[in-house]
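Here is the structure we will look at.
Please treat every number below as a calculation from the coordinates, not as lab data. All of these numbers come straight from a predicted model, not from anything done at the bench. Counting neighbours? That spans all protein chains shown, and the Cβs are built from the backbone with ideal geometry, glycine included.
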Amino acid sequence: MNAPSLIVGILVLLALYLSLSQVFDLNDFSVKKSLTLFCAAVGLLTTLWLNDNPAVLEKYVSEIVGAGIAVVLALLVFAKKSVGKK
């Protein structure tokens with residue numbers, strides 16, 4: 001398994017889970033479990049696809065890093081807004 005593809009897969013999993021957790025009610029256990037399974041499946045498929053296509057990862061590494069930074073900044077803004085509401 002290629003380490004950069006694994007890292008990108010984990011980042012996809014986390015970004016998807018954190019963004020969708022804002023939309024869905026996570027007090028319901030079945031919703032939380034379904035959301036977790038869906039995000040894990042997408043992260044795993046991303047990892048496997050990038051592992052099979054390393055040229056794509058090499059070609060778009062700068063865009064992937066930029067998008068990752070943008071996701072982190074967006075999550076910080078959401079976290080700041082949710083803390084400010086309380």
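Here the peptides 42-54, 16-28 are ranked by packing, the mean other Cβ count within 10 Å, and the order with the highest first is 42-54, 16-28. A straight Cα-to-Cα reach below 15 Å connects LYS33 with the aspartates and glutamates ASP25, residues fewer than 8 places away in its own chain not being considered. Label point of GLU58 set 7 angstrom out along Cα-Cβ; within region 1-27, amide nitrogens under 17 Å from it belong to 1-6.
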